[in-house]
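S.K.: Sending over a structure as structure tokens; questions will come in a sec.
The values are calculated or read from the model by the stated rules, or taken from the named source; none is laboratory data. Bear in mind that the values here come from a model prediction, so they are computed numbers and not experimental data. All Cβ positions, glycine included, derive from the backbone under ideal geometry; neighbour counts span all protein chains shown. Each accessible area value is taken on the protein alone, full model and side chains, heavy atoms only, with ligands, DNA and RNA left out. Shrake-Rupley method; radii C 1.70, N 1.55, O 1.52, S 1.80 Å.
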Protein chains: 2
Amino acid sequence: MTSEQRRLQPRKQPRQVRAELTRQRILTAAAHVFAEYGYAAGTTNRIAERARISIGSLYQYYPNKDAILAELLTRHLDGDRTTETLRRYKESPEPLETVIRAFVRTVIENHLDDPRLLQIMIEQAPRSGELLERITRLEWEMIGDLRELLHGHPEVRVRDKDTAARLVASTVELTVHQLIASPGSIDVTRLENELVAMITGYLRA
Amino acid sequence: MTSEQRRLQPRKQPRQVRAELTRQRILTAAAHVFAEYGYAAGTTNRIAERARISIGSLYQYYPNKDAILAELLTRHLDGDRTTETLRRYKESPEPLETVIRAFVRTVIENHLDDPRLLQIMIEQAPRSGELLERITRLEWEMIGDLRELLHGHPEVRVRDKDTAARLVASTVELTVHQLIASPGSIDVTRLENELVAMITGYLRA
DNA sequence: GTCTATATGTCGATAGAC
DNA sequence: GTCTATCGACATATAGAC
């Protein structure tokens with residue numbers, strides 16, 4: 001009897017775990033493929049090939065290509081600790097340089113994993129509503145936190161604090177991006193030191 | 001007679017002029033389309049439609065899509081005055097702030113035309129040999145000029161002048177890009193002032 | 001649940017009428 | 001010289017066998 005044969009077989013592996021592993025494999029493969037080919041040329045066939053599953057299977061786990069990039073981006077955004085760092089130092093008695101260093105270091109850490117992929121995600125991600133909105137919201141959250149910090153910290157003497165907040169946010173995010181991802185990659189410690197010096201000096205002036 | 005009918009018609013317009021105008025129309029249309037849709041989704045059909053010519057005609061003027069972007073990029077690069085500005089101020093007795101302001105202003109001016117298109121060209125331009133090489137060369141030329149300036153100017157006291165040159169180059173290029181192109185566009189004068197303050201202070205520290 | 005084979009759509013580019 | 005109509009290549013996504 002079929003039913004009895006089934007009973008004789010060992011229990012199946014728990015499905016959720018295997019499925020989750022496959023999803024993870026797809027994401028890892030996609031990250032490599034996107035980083036190497038860019039989003040447009042990073043085809044689903046290549047992703048499936050790299051994950052060593054068939055294209056048909058891939059579509060059992062993700063409904064379309066955008067969804068794969070969206071999940072990669074979501075996971076990155078979830079790992080962002082910038083807001084947390086900024087808020088921890090708000091109204092703190094720490095010297096300005098300490099605060100700025102913590103901020104810069106957090107941004108750097110957020111980008112050490114796979115700088116090239118990050119660039120792809122930010123530059124070529126499908127400019128679709130929801131996700132783009134979330135990125136913008138995070139960006140402005142960071143600017144808002146910075147602005148409060150600038151207003152609250154006694155060492156800060158820069159006049160136009162609103163413009164300063166935007167400039168600092170952009171400067172750190174963009175230079176970290178570019179200089180970490182660039183071929184003749186800069187030494188990360190130096191980058192941190194110089195960025196901290198530049199920004200701290202500017203805010204105190 | 002057909003031949004006689006032809007003779008009765010007025011002389012044709014000079015061809016080169018008309019052709020050059022059409023090329024220009026295509027470029028303008030392409031600039032708008034690329035800026036709005038990005039490079040991949042900025043299809044040749046859309047470009048032709050916007051230029052109000054047929055797709056077939058478009059291919060009489062440019063051999064392929066890349067060539068259109070290439071010409072847009074070439075025209076932009078030809079208009080770049082950064083190197084010129086930096087060299088004019090090398091070993092000059094002008095105060096550091098004056099020199100930096102001229103530099104920042106030149107970069108800003110280079111990007112006022114169509115910031116969104118610029119972003120597309122730099123981020124999504126086909127990473128093909130020749131053009132990419134030219135961009136990289138210009139970038140390192142700028143860094144080299146900056147480094148010499150830093151070494152030669154008496155007010156500059158920053159220690160790690162090589163890293164500083166890279167950081168300054170990246171900071172100015174990237175923040176100008178982003179902050180001019182961004183939706184809640186920043187006031188250009190403020191951007192200039194704050195950038196100048198930040199960089200000058202950093203270099204003198 | 002995974003595979004192969006293929007449908008479906010869209011792009012860049014071309015052919016050929018006018 | 002400009003157009004319409006269409007080709008060939010390639011991508012995403014699906015159907016159906018196993």
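S.K.: Search segment B:57-69 for residues being open to solvent by 30 Å² or more (accessible area, probe 1.4 Å) and either in contact (Cβ under 8 Å) with a residue 24 or more places away in the chain or more than 7 Å from DNA strand C (Cβ to nearest atom) (or both), and hand back the single one that is nearest to B:Ile26 (Cα to Cα). Full working, then the answer.
M.R.: In the first step, residues of segment B:57-69 are kept if they are open to solvent by 30 Å² or more (accessible area, probe 1.4 Å); the result is B:57, B:59-61, B:63-66.
This time we only want the ones that are either in contact (Cβ under 8 Å) with a residue 24 or more places away in the chain or more than 7 Å from DNA strand C (Cβ to nearest atom) (or both), so: B:57, B:60-61, B:66.
On the way: B:Ser57: 10, B:Gln60: 11, B:Tyr61: 9, B:Asp66: 13 Å.
Top of the filtered list is B:Tyr61.
S.K.: The conditions are (1) away from DNA strand D (no atom under 16 Å from the Cβ); (2) farther than 28 Å from B:Val188 by Cα; (3) in contact with a helix residue (DSSP H, G or I) (Cβ under 8 Å, 6 or more places away or on another chain), and B:Ala67 fails exactly one of them. Which is it?
M.R.: Among (1) away from DNA strand D (no atom under 16 Å from the Cβ); (2) farther than 28 Å from B:Val188 by Cα; (3) in contact with a helix residue (DSSP H, G or I) (Cβ under 8 Å, 6 or more places away or on another chain), the lone unmet condition for B:Ala67 is (3).
S.K.: Residue by residue through segment B:116-130, note down the ones that are over 20 Å from B:Gln24 (Cβ atoms) and buried (at least 19 other Cβ atoms within 10 Å of the Cβ). Steps first, answer last, please.
M.R.: Here is the first cut: in segment B:116-130, the residues over 20 Å from B:Gln24 (Cβ atoms) are B:119, B:122-130.
Hits for segment B:116-130 are B:Gln119, B:Gln124.
S.K.: Residues of segment A:22-41 being within 13 Å of DNA strand D (Cβ to nearest atom), touching a residue at least 40 places away in the same chain (Cβ under 8 Å) and small (Gly, Ala, Ser), which ones?
M.R.: The answer is A:Ala30, A:Gly38, A:Ala40.
S.K.: Still on this structure, I have one more. With the requirement that a residue be open to solvent by less than 20 Å² (accessible area, probe 1.4 Å) and modelled with pLDDT under 95, what does segment A:189-205 give you?
M.R.: None - no residue of segment A:189-205 is open to solvent by less than 20 Å² (accessible area, probe 1.4 Å) and modelled with pLDDT under 95, so the list stays empty.
S.K.: For segment B:154-188, enumerate the residues that are over 14 Å from A:Ala197 (Cα atoms), surrounded by fewer than 17 Cβ atoms within 10 Å (Cβ to Cβ) and more than 10 Å from chain A (Cβ to nearest Cβ).
M.R.: Of everything in segment B:154-188, those that are over 14 Å from A:Ala197 (Cα atoms), surrounded by fewer than 17 Cβ atoms within 10 Å (Cβ to Cβ) and more than 10 Å from chain A (Cβ to nearest Cβ) turn out to be B:Pro154, B:Glu155, B:Ser185, B:Val188.
S.K.: To continue, here is another question. Of the conditions (1) within 14 Å of another protein chain (Cβ to nearest Cβ); (2) within 13 Å of DNA strand C (Cβ to nearest atom), A:Glu36 satisfies every one except a single condition; which number is it?
M.R.: Single failed check for A:Glu36: (2).
S.K.: Somewhere in segment B:105-119, is a residue closer than 18 Å to B:Glu155 by Cα and under 19 Å from the mean Cα position of the chain (by Cα)?
M.R.: Pass one, segment B:105-119, residues closer than 18 Å to B:Glu155 by Cα: none.
No, the conditions are met nowhere in segment B:105-119.
S.K.: In segment A:15-45, which residues are among the basic types (Lys, Arg) and open to solvent by less than 90 Å² (accessible area, probe 1.4 Å)?
M.R.: Filtering segment A:15-45 down to residues among the basic types (Lys, Arg) leaves A:15, A:18, A:23, A:25.
If the condition is that a residue be among the basic types (Lys, Arg) and open to solvent by less than 90 Å² (accessible area, probe 1.4 Å), then A:Arg23 is the only one that fits.
S.K.: In addition: Go through segment B:81-115 and give me each residue that's among the acidic types (Asp, Glu) and surrounded by fewer than 17 Cβ atoms within 10 Å (Cβ to Cβ).
M.R.: As a first pass, look at segment B:81-115 and keep what is among the acidic types (Asp, Glu): B:84, B:91, B:94, B:97, B:109, B:113-114.
Selection gives B:Glu84, B:Glu91, B:Glu94, B:Glu97, B:Glu109, B:Asp113.
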